1. Please state the shape class of the stretch 1-121: rounded when a/c is under 1.5, otherwise prolate if a/b exceeds b/c and oblate if not, all from the C-alpha gyration tensor.
2. If you roll a 1.4 Å probe over the chain with all protein chains in place, what percent of the accessible area is carbon or sulfur?
3. If ligands, DNA and RNA are left out, what is the accessible area of Asp168 with a 1.4 Å probe, given in Å² to the nearest 10?
4. Need the list of lysines near Lys193 for cross-linking: C-alpha distance under 20 angstrom, and skip anything on the same chain fewer than eight residues off.
5. If you keep only loop residues by DSSP, which GluC sites (Glu not before Pro) in the stretch 34-64 have at most 15 other Cβ atoms within 10 Å of their Cβ?
6. When the helices in the chain are scored as -39500 (n - 2.57) per DSSP H run of 4 or longer and the sum is shared across all residues, what 222 nm value do you end up with, to the nearest 500 deg cm²/dmol?
7. In terms of modelled amide H atoms, which long-range or inter-chain residues lie less than 5 Å from the amide H of Lys205?
8. If you stretched the chain out fully between Lys193 and Asn107, how much longer would it get, using 0.36 nm times the residue separation minus the C-alpha to C-alpha distance?
Amino acid sequence: MVKINSKKGLAVELSKLEVFSSPNVSLEQYPTDSEIAAEVLWFAYHKGDIKEKVIADLGAGTGILGIGCMILKASKVYFVEKDKSLIPILKKNIKGTDSDTEHNIFNIDISEFDQRADVVVENPPFGIKNRHADKNFLKKAFLTAKVIYSFHKLESVDFIRAFSKDNDFSVTDFFKFEFPLKASMKFHKKKVKKIPVGCFRLEFKTFHCSGNSGNF
Ligand code: SAH
């Protein structure tokens with residue numbers, strides 16, 4: 001079993017995972033960069049959101065986010081991915097990690113997923129090819145867990161805040177990245193195209209009654 005004691009060590013481990021060999025454009029299959037995944041997961045670990053928690057990785061792809069949670073000692077990880085062709089790669093990546101964290105793979109559309117978890121991690125389609133795909137992932141995440149780490153295009157920030165608020169979630173933490181989209185898609189001309197992306201930590205609102213003031 002791999003022992004990880006630094007963010008860098010986690011990034012190195014995650015960089016060894018196999019990624020999409022022929023990405024499906026309509027499903028917006030972009031793998032999360034290993035350094036970026038490690039940055040977010042290391043933060044989440046120290047926030048108490050991973051160790052001994054049940055995690056759901058929605059749109060798991062080749063598994064980098066959920067596998068990172070397995071390495072960081074989640075109690076259980078659900079991988080939800082609708083593209084059947086990715087499941088063998090996902091299984092191979094999980095096996096290679098040699099973690100004893102319990103896991104289940106659901107080869108289904110996220111709309112059919114009905115388990116509850118402590119935390120959702122997701123790098124969903126940004127809704128470029130399939131409008132509202134990002135909104136549907138958020139909706140499912142709100143129904144699944146009280147803490148969510150979700151990647152979105154930075155330009156969606158106002159929508160994320162408003163949509164979270166409508167669902168009684170709030171943004172507690174925010175990370176900004178230049179997301180390297182490697183030229184894996186035929187329509188990309190430059191070798192590496194970078195787009196500004198935010199990762200949002202969303203938490204179901206907990207209302208605290210503050211003393212005698214009556215304020216919530
Ligand atoms: N989480 C992975 C993959 C991100 S790409 C990573 O961070 O590297 C988004 C993934 O969501 C793709 O694998 C795509 O096949 C999957 N996906 C897209 N729409 C989906 C849906 N409706 N239900 C389940 N999976 C979906």
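The values are calculated or read from the model by the stated rules, or taken from the named source; none is laboratory data. Keep in mind the model is a prediction, meaning the values are calculated, not measured. Positions of Cβ are backbone-derived with ideal geometry, glycine not excepted, and every protein chain shown enters the neighbour counts. Areas reflect the complete protein model, heavy atoms only, side chains present, ligands, DNA and RNA absent. Shrake-Rupley method; radii C 1.70, N 1.55, O 1.52, S 1.80 Å.
1. Values: a/c = 1.65, a/b = 1.25, b/c = 1.32.
Cα axes put the stretch 1-121 in the oblate bin.
2. Values: 5680 of 11400 Å².
Answer for the chain: carbon and sulfur cover 50 percent of the accessible area.
3. 70 Å²
4. Lys193 reaches Lys129, Lys153, Lys176, Lys182.
5. Values: sites: Glu35, Glu39, Glu52; in loops: Glu52.
Answer by residue number: Glu52.
6. Details: 6 runs with 63 residues, N = 216.
Result for the chain, helices only: -8500 deg cm²/dmol.
7. Phe169, Ser170
8. Working: separation 86, 0.36 × 86 = 30.96 nm, distance 2.99 nm.
Contour length minus Cα-Cα distance gives 28.0 nm.
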